[in-house]
1. Excluding A110 itself, what net charge comes from residues whose Cβ is under 11 Å from its Cβ, given Lys and Arg +1 and Asp and Glu -1?
2. Answer with a single label: of (1) 48; (2) 36; (3) 29, which was calculated as percent of Cα pairs over 29 Å apart from the structure in view?
3. If you average the alpha carbon positions of the stretch 60-80 and of the stretch 3-54, how far apart do those two centres end up, in angstrom?
4. Shape of the stretch 171-236 from its Cα gyration tensor (a ≥ b ≥ c, root eigenvalues): rounded if a/c is under 1.5, otherwise prolate when a/b > b/c, or oblate?
5. Run the numbers on the stretch 54-121 and let me know its relative contact order in percent, using alpha-carbon pairs under 8 Å that are six or more apart.
6. Given H placed on each backbone N at 1.01 Å, which residues far from L63 in sequence or on other chains put an amide H within less than 5 Å of it?
7. What is the sum of charges around D238, taking Lys and Arg as +1, Asp and Glu as -1, for the other residues whose C-beta is under 13 Å from the C-beta of D238?
8. Any idea of Y222's accessible area? Nearest 10 Å², probe 1.4 Å.
Amino acid sequence: MSGARPLRRPARLAPGARVAVVAPSGPVPEERLQTGLDVLRGWDLDPVVAPHVLDRHGEFDYLAGSDADRAADLQSAWCDPAVDAVICARGGYGAQRMVDLLDWEAMRAAGPKVFVGFSDITALHEAFAVRLGLVTLHGPMAAGVDFAKSARAQDHLRATLFAPETVRTVRSDGTALVPGRARGVTLGGCLSLLAADLGTPHARPSADGGLLCLEDVGEEPYRIDRYLTQLLRSGWLDGVRGLLLGSWAQCEPYDGVRAMLADRLGGLGVPVAEEFGFGHCDDALTVPFGVTAELDADAGTLTLDEPALD
């Protein structure tokens, strides 16, 4: 079975749609959350905050509340028929600890809806693809630093949610690390999380048939090298059609990272586009996962066959 296949598209949002904000991973700063909620209200959305979003884990300060509570918030929001979309408050760490506590049968029965997040939320993007077969949005989060201050990040997410046909082409400011064009199904996220997902119940067998989006933050080049080498050695990158590289914030000077990315990925013989403007960067773009698209690495464009949302 191909690892990357077209997935079911949830419905786009309309004015007045109810959006649940959840915290599957790290603790959420209240001030940033309020700022994000104000942005969502300004879009004529009706944001509701899940009960445990502002919790702190009693023992581990890197978690937003207990694993069970974080899972319950996500599942309750997803299974609530009045909720049209679920947006994560932030990343950090913790999604892997709660993902196995979710009742995937109940969530599948609840039907499709929009899911938004990035960074640590990569573990959930993979689970939603494998367990629910749904297109998800790799995009800004409600309490994210960039979301509060970036008009471009806000505008691109808003257009994707409300008028996805207007953002069928995602344009980067970067260049081709390896030139060429490729067609496939989008997938990916944070590199370290994809490597950590290998062998888990929610991991797809490979990126075969995919346009793989990769980015990370705060990693030294040798660690990025290690994650990529792990994906290569495991065979997970066999059959990948092309790669889009996002931001490598706080990952040492980019020239060194770029050389290592070229060394590890150049041998795949597929187009590789760099600096694509998604991930842990200013003005981050929203990229849908699970849609068939064409990558033109030379032009720095990703063109979707159909809008991200129905």
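The values are calculated or read from the model by the stated rules, or taken from the named source; none is laboratory data. Small disclaimer: the values here were computed from a predicted structure and weren't measured. Backbone-built Cβ (ideal geometry, glycine too); neighbour counts: all protein chains shown. When the accessible area is computed, the model is the full protein with side chains, heavy atoms only, and any ligands, DNA or RNA have been set aside. Shrake-Rupley method; radii C 1.70, N 1.55, O 1.52, S 1.80 Å.
1. -1
2. Correct label, based on the coordinates given: (3).
3. Rounded to whole Å, the Cα centres lie 14 Å apart.
4. Here the stretch 171-236 falls in the oblate category.
5. The value is 35 percent.
6. For L63, the qualifying residues are H57.
7. With Lys, Arg at +1 and Asp, Glu at -1, the net is +2.
8. Looks like 130 Å² after rounding.
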